1. Tally the residues that are open to solvent by less than 50 Å² (accessible area, probe 1.4 Å) and within 16 Å of Gln71 (Cβ to Cβ), restricting the search to the range 128-141.
2. Exactly one of (1) of a type in the set (Asp, Glu); (2) within 16 Å of Val37 (Cα to Cα); (3) buried (at least 16 other Cβ atoms within 10 Å of the Cβ) is unmet by Glu102. Its number?
3. Would you mind stating whether Ala47 is at pLDDT below 95, buried (at least 16 other Cβ atoms within 10 Å of the Cβ) and under 13 Å from Asn117 (Cα atoms)?
4. Residue by residue through the range 56-67, note down the ones that are buried (at least 16 other Cβ atoms within 10 Å of the Cβ), hydroxyl-bearing (Ser, Thr, Tyr) and over 30 Å from Asp116 (Cβ atoms).
5. Only one of Thr113, Thr38, Thr53, Thr87 is within 17 Å of Ser131 (Cα to Cα) and either among the hydroxyl-bearing types (Ser, Thr, Tyr) or loosely packed, with under 12 Cβ neighbours inside 10 Å (or both); which?
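The values are calculated or read from the model by the stated rules, or taken from the named source; none is laboratory data. Computed from a predicted structure; not experimentally measured. Virtual Cβ from ideal backbone geometry, glycine too; neighbours counted across all protein chains shown. Surface areas here come from the heavy atoms of the whole protein model, side chains and all, with no ligands, DNA or RNA. Shrake-Rupley method; radii C 1.70, N 1.55, O 1.52, S 1.80 Å.
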Amino acid sequence: MSREVEEMASFNKLKNVLMLALHWILHGAGATDTCQVTVTQPKFQEADYSMHTVFLRCTFSASGCSSFPPQVLWFRFLTKKHEDLCTPGCIDQQKYKVHLSENNILLQISNLTVDDNAVYICGVAFSDSSSPHSKQTGDGTELTKAGAENQHSNRRVGFIFMIITSSLLFLYSATVFTFFLVYKEDLEDDTVYQNR
């Protein structure tokens, strides 16, 4: 439990640092001082071991902001460090792509592996506004991809089922064969007894 509390405290500190970095990266002065942004993300998203591409969703609402599209940023929080994935350009454009449609933002992650398990934080910024509320981040989405061990676990269950089925068939066959031998011996004994 204390490890989870430490990780949450570390995550909250990192989120505050990210907000400061976001303000610093996108600092600008403008007339839209009433701009206010709210960002929401689902807390969890699971990906099956067979999935190679996943889309993380983020939505935002903006009031009093300019009509220009905002800058969208994505960060990734691992156990002890964070990475700037798309701020706003993505560090690896083969692996990460950002899709913006009205107030919906998708982060596409390709070539998905268990190494991509992390907390992904979406940021939205109207950089032409000086309002402190014009640049906000979501609370983060924890992405979990099931590893190959789940696939092996499913195979193991199937293998165990096959062994049990084979064993039961063997026992059934052995019982029928034994019954047949005993029945045959009884018939032979009856025949011998009748011939006396």
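1. Number of matching residues: 7.
2. (3)
3. Against the criterion (at pLDDT below 95, buried (at least 16 other Cβ atoms within 10 Å of the Cβ) and under 13 Å from Asn117 (Cα atoms)), Ala47 qualifies.
4. Result: Ser66, single match.
5. Thr38
So that you can scan it fast, the table gives a plain yes or no per residue for (1) touching a Pro at 6+ places or on another chain (Cβ under 6 Å); (2) part of a loop (DSSP other than H, G, I, E, B); (3) free of Cβ contacts under 8 Å to residues at least 40 places away in the same chain; (4) among the polar types (S, T, N, Q):
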position: Pro42; (1), (2), (3), (4): no, yes, no, no
position: Met51; (1), (2), (3), (4): no, yes, no, no
position: Leu56; (1), (2), (3), (4): no, no, no, no
position: Thr59; (1), (2), (3), (4): no, no, no, yes
position: Pro69; (1), (2), (3), (4): no, yes, yes, no
position: Lys80; (1), (2), (3), (4): no, yes, no, no
position: Glu83; (1), (2), (3), (4): no, no, yes, no
position: Gln94; (1), (2), (3), (4): no, yes, yes, yes
position: Val98; (1), (2), (3), (4): no, no, yes, no
